[in-house]
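Here's the structure, in structure tokens; my notes come after.
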Amino acid sequence: MKLFRSTKYRFYLTTGLLLIFFCGGYIQLALFFNRLAERFENRRTAFDNISTDLMPQPNVTRGGAKNTFLQGISTDADLLRRAQPWLFLSFSAALTMLFFILYIVSRKIITPIMQMSKVVMQVKSGNDQARFESVEKDEIAEFGFAFNEILDTINEHRHRLETQMKESSTEVLQTNEELILEIVERKQAEEDAEEALREAEAANQAKSTFLANMSHELRTPLNAILGYAQILQRETYVNEHQRDGLNIIQKSGQHLLMLLNDILDLSKIEVGRMEIQPTEFHLEYFLNNIVDIFRLRSEQKMIRFNCAFASDLPTAIRGDEIRLRQVLINLLGNAVKFTEKGFVAFKAIISPRQDVKYTMKNSGADVCIRFQIQDTGIGIAPEDLKTIFEPFQQVTSKREHTQGTGLGLAISKKLIEMMGGSLEVESDVSHGSLFIADVAFSIADSPATAPKTQTHFITGYTCPRRNVLIADDNPENRSVLRYLLTPLKFKVVEACNGQEAVEKMLTLHPDIILMDMVMPIADGFQAVRKIRSYESRMRQSPSSATLFPAHTPIIAITAKAFINDKQKCFDAGCDDFIPKPVNVDELLEKLQKLLSLEWLYKDTQSGTDESENTVSSPEPPDAEDLKTLIQLANVGDIRSIRNFTAKLEQSKQHLRPFAAQLNMLAQQFQIDKIRKLLNYYKGD
Ligand code: ADP
């Protein structure tokens, strides 16, 4: 049956059937004619026989009808007989015609269709050159040629498409190659970046280690320098000249320490290890303390120092007191440093800024305080204002001031930001600068602790003698502490390593231990841990509990004061931490707290707060002496000024600070400044 699905065979089948029906029809027709002729013949014969039987004598009349009848039949039969060749002829003609038509149909329609179908099949099987061919010029041929044209167009498009495809695939390949190259490069870059990161981390680690070591190495000798400077400054037998020298040693040491601390602070900030440690503190006392420092410095420079603190400021706040002091001291220090005439103003008000409130909400703070530091100094040029908060920027270095590291503002800004605030500056060359720090704080519930004890004139304490164990491998550092504490009636025992410290602790039971944390044989950490574990064992055995102190306070005194060092000391079991170089006041304060001491002061009978005098402006001589000094200054007699000052100092102890101030200027032959200072005291 598959055969007849083809048009060709269907055509042949139809043609065959048509021919069969056609021939069959003709044959039927011929047979019909033949039969008809035979019937006529039979009828004539029958009629002949009947007429012969019925009429032996032919009657002319009847014979005439009969003849006519017979003649008619014969004529019909003849006609039929004669029609047969014509029938055959017409059949042949019709057949021929039919063949002819079929031939034409086959040639004109079927063959071209077949050819076209062949061409389609060839094209389909991939021969794009196969084409319809014909010598005819009829519609089907034209259709075939149009089909050829379509094939040509398709071919052309295909070629074009192939070319484009080739081109684009070349492009794609190229792009692919580029992509692969880029991926490889990126991977390489990533690996490089990772490598660089590793190197940077290693470098950072190396930097941190270096800084920690450097800090340790510098703090150790600084501890001895500053420690002795502080001890000697307390001595009464030191003359003014020596005191000046000690002042210079202390100032230089402090400067070195400040540089060291600034570098460490910046590194801590850079590695994100700087932490804000909030405590509750008394705001007014805090501000007054700062004012005291700068009032004195301003007076020495003969510039006015104005301060104004709003009455609606909270009494006690919670914030990082140490870091806030560091920032304000830096800003005020700069203001005084860069101002030669006019004033420095320090203000604290409730900040009018609204946007800080958002930060405050997040940090849980409830008040934003604005600290304003204004000066009439040299100012900062607009182009320098952009870089002023970047590390190591000293825009005035080209001018007259070279002191400083250029780190203060960078650190201050970072610290203020860490406190959830902002630090901004407005400045005008030769008119001065205004630094504004907005800082968020939470208000402390209870008023902060009372003002700190002034330790400068401490001579001892009221309770029985206390034993202090000093553990330090550096003999100079031990001697600093020994010289400091022995005059204050402490009994000092020394150990030069951690192991010795533990042994002495177990045998001597000191009241407090000042422990250096970096020592040979056993370091401070090991020693503290051993002591703490021993104490806890003793606490568990009731028999020995009474013999052994339950908890001996230990203060870590270490030159290792970089990231985490403080925490490590607390983790080991220390009760407090003092970085080297030891600040005497800080040490005495901590001793007082941990041993519950009540200090005895040099001048206790007055009962007044002597210390206030030591930080406020020096008391000037009386009008008469002041007049003499002004006269000497007007004629520029430095030698006489120094002699006069020395006499004043010897005769009136309370004039010592004033004398020191004047002496310092006299030594530097700063006659103009001496005149200004004296006029300032006179009230002009
Ligand atoms: P430095 O230790 O040098 O003072 P800072 O970071 O505190 O470092 O200050 C950077 C620079 O900014 C200073 O060297 C100075 O040039 C400029 N500067 C800071 N404060 C003032 C000011 N109040 N008046 C003029 N210039 C200032």
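Things worth noting here:
- As a proxy for reagent exposure, 595, 266, 179 were ordered by neighbouring Cβ count within 10 angstrom, fewest first; the result is 179, 595, 266.
- For the chain, the residue among 183, 528, 196 whose Cα projects farthest onto the positive side of the dipole built from Cβ charges is 183.
- Evaluated at q = 0.18, 0.24 Å⁻¹: base-10 log I(q)/I(0), Debye formula over Cα of region 146-230: -0.90, -1.05
- Ranked list, fewest to most other Cβ atoms within 10 Å of each Cβ, for 366, 672, 265: 672, 366, 265
- Split the chain at each of the chymotrypsin sites (Phe, Trp or Tyr not before Pro) in a DSSP loop with at most 11 other beta carbon atoms within 10 Å, and the longest piece is 393-668.
- Under the criterion of Cα pairs below 8 Å and six or more residues apart, the relative contact order for region 204-361 equals 21 percent.
- Considering only 635, 481, 246, and ranking their Cα positions along the charge dipole of the chain that arises from unit charges at the beta-carbon of Lys, Arg, Asp and Glu, the one farthest toward the positive end is 481.
- For region 97-206: rounded, prolate or oblate by the Cα gyration tensor [a/c cutoff 1.5]: prolate
- With contacts taken as Cα pairs under 8 Å at a separation of at least 6 residues, the chain carries a relative contact order of 10 percent.
- Exposed loop sites here are GluC sites (Glu not before Pro) assigned a DSSP state other than H, G, I, E or B and surrounded by at most 15 other beta carbons within 10 Å; excluding them, the longest clear run of the chain is 401-597.
- Diffusion constant of region 74-150 at 4 °C, which comes from Stokes-Einstein with the Kirkwood Cα-pair radius and 1.567 mPa s, µm²/s: 83
- Cα lying deepest toward the dipole's positive end in the chain, options 588, 173, 135, charges on Cβ: 135
- Just so you know, the averaged projected area of the alpha carbon convex hull for the chain sits at 74.1 nm².
- Fewest-first sequence of 628, 462, 45 by Cβ atoms within 10 Å of each Cβ: 462, 45, 628
- Rounded to the nearest 20 debye, dipole of region 198-300 from Cβ charges on Lys, Arg, Asp, Glu: 200
- Fraction of C-alpha pairs exceeding 27 angstrom in region 158-306: 62 percent, rounded to a whole number.
- For residue 351, distant residues with modelled amide H under 5 Å away: 368, 369, 370
- Dipole magnitude of the chain about its Cα centre (Cβ charges: Lys, Arg +1; Asp, Glu -1), debye to nearest 20: 2020
- Proximal charge balance of residue 630 [Cβ under 9 Å; K/R count +1, D/E count -1]: +3
- Electrostatic dipole magnitude of region 127-208 [Cβ: Lys, Arg +1; Asp, Glu -1; Cα centre; debye, to 20]: 200
No lab work stands behind these numbers, since they all come straight from the coordinates. Quick caveat: nothing in here was measured; it's all calculated off a predicted structure. With ideal geometry, Cβ positions are generated from the backbone for all residues, glycine too; neighbour counts draw on all protein chains shown.
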